[in-house]
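Enquirer: Here's a structure for you.
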Amino acid sequence: MNTTEAQDAQDGPGTVEDPASPRDSLSWRATERVMSVLNRVLRADIVCEGLEHLSDKPCLYVVNHFTRFETFIIPYVLYKHTGRAVRSLAYHQLFKGKLGEYLQSLGGVSTRHPGKNRLIIGDLMAGRSSWVIFPEGAMVKSKRVMERGRYWIRHPKRSGPPHTGAAVLALKAQFSRSAFARARELGRADLVQNYCERYGLEADKDLPGEDIQIVPVTITYYPLRPGKNLLSKVAGFIFKGLPPNVMEELVVEGQLLLSDSDITVYFGEPISVEQYVRPLGRLALMAPLGRQLTGRADMIATLQRKRLTRRFMGEIYSNTTINIDHLFCGALRARRDPQISVEDFCRAIYLSALDVRQLVNRRLHESLRSKLVTMLTDDVHPPIEDIFKLAEDEGVVSRSGGVMTIDQEALEEEHSFDDVRVKNTAMVIANEVLPLRQVCRILKETVNLSTRELREQIADALCARDQAVFGENYHRYYEEGASKPPEIGRPFLLEGTRPTGIVLSHGYLAAPHEVRPLAEYLNGLGFTVYGVRLEGHGTAPAHLRDVTWGNWLYSYYRGYAVLRNLCPEIIVGGFSTGGLVSLLTAARMGQAVKGVFAINASLRLRDIRTRFVAPFMFWTDILQKFGRDSEEDEYVEHRSENPNINYSRNYIHGIRELQRLIGVCEDALPSIRIPALILQGRNDPAVNPRSAKLIFDALASPQKQLKWMDFDRHVIVQGERRDEVFREIEAFVESVATPLSV
């Protein structure tokens, strides 16, 4: 054993002398009040997951260490969620002045306290208190914990594998508890007394029967964006000439606390220490008992400490909450060619996210679950743009003319312990995924695919996802008598021979089958058409209670992204509410779209009842609070022109989301500058015909047309004379699409 490991295996001299006890409820109440105030002041969102893994058993919580405030956060969240105080082993320099007194009042013990090991073992044996330990031995600011396939920690004062001290303490506590019980059973008063003096036990008190557990705890931060903040500015103003390391911590950690950061604390599955003690422990207790029992405990700890340490360190690192920054920075490192188009890089990130989602026992941040498809469109995806900006600011990436260049030397540049989080944040983020070998393999394979392979895989993946989502939704919401056959609601792709693709959407309460005739007509002209299913439609009416207008927009984005990878140019269009979604998409995609058409777009509705949706929802909320069943009030019956396609019930929640979509779309109309066609039936019974004029007047398009159609029904894309509508659309798309002769 090296020096550190030898120290790990020792209990320390003398009898137990406890410098503090976490029984001061006043201190904990004070902490709770302070944290309550901080929760209102701080903008960071501290989320605790895996709470089901917490128990009443004696536990050693082993935690990864990246920031100073983890020393305070972990004991607090454990107290908050279990109601029990825990003790913690904390950096010795924190035990100074009032802060040191406060830490001691909470049961904190300095890493340099001579009796710390006996305190921990005694508490675990007797079940007096659980403990929090940071097994990495110090803050790992670079987050580099792997070297040549093994766990390896770099620190200014030490470079080597993680400390085995936590494993040693748990192993010795587990064995010593069995040995203590055995000594009492055999009437060995001398040994019993020795244990009592050594670990602060009571001779006549039974020890708990539960196994001691090690609970791996993983803290993940997103996004990690160092920068000057209120805390660093105030400290710099009041305390002139602060040491660089202090300022670095204020810049990094203050930003985490004072910005919209997610701090995820995950409590992993407990590891029973008994399973590591049992094989050797039985043999050790079978031999005649003597004062060498402590030596037997040392022997077991020495033989099993590395195995147990590898186990819980592996759990800590594998439970990282993977976010979009991890995939971005990991892909930078995995890319072999320093140049790649921005579009291809985003495609690789998206495909990697899909593959990572399929991995078992991998935890994902929300940034890899919602709105991710936006990065495959021509809209701005704020999370990906944000990490791009960080990489550019650090000189790791540059973008020009749609091509990005990766500077691998800048990415791998070494910095000092106190500089790395500020000067090379991208490397710190990339380092965090190094222990996740499956994730690294996925990134390496995906980011090095050719453009053709990326496009094909993206299109296939998006189509498959749309079909899978529909299947899941249909099965979940299916309602006998209310759900239509699945072919009515299923999204579809009709591939054509021309370079132009058309994204097409149905209306509110309808399904993709509503626009199928128009899609087939356009496909017959050679265009590739994707028939979108707006989320909540094509399944059952009750599904509309669980969706928002944003879900409809991102459903449309999926169709857009499919064609973005199949066709060089795109036209967007839709009927009724689908027309609103297509207009909003055109506004957000800008000049990347060749043209937009909207048929009977529902900017203004005829049904006067929609004006009362907001107060109606307020009233039903009040009724529900008082326990009244308002199920009958949540929807109105709907008589449709096409009962074989449309829902027979219209949920109030859906109408409210439609109103919100109308507001967002109306605000976006002036930003549309591409060719546009607005088609409107003169006697539309559902949409107020003045909607068309309002839309037309708001458009900033230099090429725009308003066509009035002599129909007295709403669904003019179905039924008699629909070909008149189709021909108007044909004329428009032919005017903006690349001609067949080109």
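The values are calculated or read from the model by the stated rules, or taken from the named source; none is laboratory data. Bear in mind the structure is a predicted one, so any value in this text is a computation, not a measurement. With ideal geometry, Cβ positions are generated from the backbone for all residues, glycine too; neighbour counts draw on all protein chains shown.
Enquirer: Go through region 630-657 and give me each residue that's in contact with a strand residue (DSSP E or B) (Cβ under 6 Å, 6 or more places away or on another chain), among the aromatic types (Phe, Trp, Tyr) and either assigned to a loop (DSSP other than H, G, I, E, B) or modelled with pLDDT of 90 or more (or both).
Expert: Tyr651
Enquirer: Suppose the filter is touching a helix residue (DSSP H, G or I) at 6+ places or on another chain (Cβ under 7 Å) and in a helix (DSSP H, G or I); does Val439 pass it?
Expert: Criteria met by Val439.
Enquirer: Moving to a separate point now. When you look at Ala459, is it surrounded by 14 or more Cβ atoms within 10 Å (Cβ to Cβ), touching a strand residue (DSSP E or B) at 6+ places or on another chain (Cβ under 9 Å) and not basic (Lys, Arg), yes or no?
Expert: Taking the combined requirement at face value, the residue satisfies it.
Enquirer: Considering only region 70-98, state which residues are surrounded by fewer than 17 Cβ atoms within 10 Å (Cβ to Cβ) and under 34 Å from the mean Cα position of the chain (by Cα).
Expert: Listed by number, the residues that qualify are Lys80, His81, Thr82, Gly83, Arg84.
Enquirer: Also, I was wondering about something else. Quickly run through region 44-55 and pick out the residues that are in a loop (DSSP other than H, G, I, E, B) and either crowded, with 16+ Cβ neighbours inside 10 Å or without any contact (Cβ under 8 Å) to a residue 24 or more places away in the chain (or both).
Expert: Ala44, Gly50, Leu54
Enquirer: Same structure again: For region 698-734, enumerate the residues that are surrounded by 13 or more Cβ atoms within 10 Å (Cβ to Cβ) and either among the hydroxyl-bearing types (Ser, Thr, Tyr) or part of a loop (DSSP other than H, G, I, E, B) (or both).
Expert: Leu699, Ala700, Ser701, Gln703, Phe711, Arg713, His714, Val715, Ile716, Val717, Gln718
Enquirer: Okay, moving on. Report the residue count in region 57-80 for those that are modelled with pLDDT of 90 or more, outside any strand (DSSP E or B) and among the hydroxyl-bearing types (Ser, Thr, Tyr).
Expert: Residues that pass the stated criteria total 1.
Enquirer: Right, Lys98: in the same structural domain as Glu269 (by TED's automatic domain parsing), among the charged types (D, E, K, R) and either farther than 21 Å from Leu250 by Cα or in a loop (DSSP other than H, G, I, E, B) (or both) or not?
Expert: For Lys98, the condition - in the same structural domain as Glu269 (by TED's automatic domain parsing), among the charged types (D, E, K, R) and either farther than 21 Å from Leu250 by Cα or in a loop (DSSP other than H, G, I, E, B) (or both) - is not met.
Enquirer: Further question on the same structure: Against the condition surrounded by fewer than 22 Cβ atoms within 10 Å (Cβ to Cβ), among the small types (Gly, Ala, Ser) and assigned to a helix (DSSP H, G or I), how does Ser159 come out, does it pass?
Expert: no
Enquirer: Touching a strand residue (DSSP E or B) at 6+ places or on another chain (Cβ under 6 Å) and surrounded by fewer than 19 Cβ atoms within 10 Å (Cβ to Cβ): does that describe Ala138?
Expert: yes
Enquirer: Scan region 558-590 for residues that are among the β-branched types (Val, Ile, Thr) and more than 21 Å from Pro689 (Cβ to Cβ) and jot them down.
Expert: Within region 558-590, Val562, Ile570, Ile571, Val572, Thr585 meet the criteria.
Enquirer: If we keep just the residues of region 679-697 that are buried (at least 18 other Cβ atoms within 10 Å of the Cβ) and part of a helix (DSSP H, G or I), which is nearest to the chain's Cα centre (by Cα)?
Expert: Ile695
Enquirer: Would it be correct to say that Asn319 is more than 16 Å from Val145 (Cα to Cα) and polar (S, T, N, Q)?
Expert: Criteria not met by Asn319.
Enquirer: Taking the condition farther than 26 Å from His65 by Cβ and touching a strand residue (DSSP E or B) at 6+ places or on another chain (Cβ under 7 Å), does Thr446 pass?
Expert: no
Enquirer: When you scan region 402-428, how many residues do you find that are closer than 19 Å to Arg336 by Cα and surrounded by 15 or more Cβ atoms within 10 Å (Cβ to Cβ)?
Expert: 8
Enquirer: Just to verify a result, which residue in region 121-130, among those that are touching a strand residue (DSSP E or B) at 6+ places or on another chain (Cβ under 7 Å) and not in a loop (DSSP other than H, G, I, E, B), is surrounded by the most Cβ atoms within 10 Å (Cβ to Cβ)?
Expert: Leu124
Enquirer: Please find, within region 473-495, the residue that is surrounded by the most Cβ atoms within 10 Å (Cβ to Cβ) out of those that are free of Cβ contacts under 8 Å to residues at least 60 places away in the same chain and acidic (Asp, Glu).
Expert: Going through the qualifying residues, I end up with Glu487.
Enquirer: Taking region 105-120 as the search range and keeping residues that are part of a helix (DSSP H, G or I) and modelled with pLDDT of 80 or more, which one is farthest from Thr71 (Cα to Cα)?
Expert: Step by step, filter region 105-120, then rank; the result is Arg118.
Enquirer: Name, by its number, the condition in (1) surrounded by fewer than 24 Cβ atoms within 10 Å (Cβ to Cβ); (2) in contact with a strand residue (DSSP E or B) (Cβ under 6 Å, 6 or more places away or on another chain); (3) without any contact (Cβ under 8 Å) to a residue 40 or more places away in the chain that does not hold for Pro541.
Expert: Going through the list (1) surrounded by fewer than 24 Cβ atoms within 10 Å (Cβ to Cβ); (2) in contact with a strand residue (DSSP E or B) (Cβ under 6 Å, 6 or more places away or on another chain); (3) without any contact (Cβ under 8 Å) to a residue 40 or more places away in the chain, Pro541 breaks only (3).
Enquirer: Something else about it: Could you list all residues from region 163-192 that are at pLDDT 90 or above and out of contact with any Ser or Thr (no Cβ under 6 Å at 6 or more places or on another chain)?
Expert: His163, Gly165, Ala166, Val168, Leu169, Ala170, Leu171, Lys172, Ala173, Gln174
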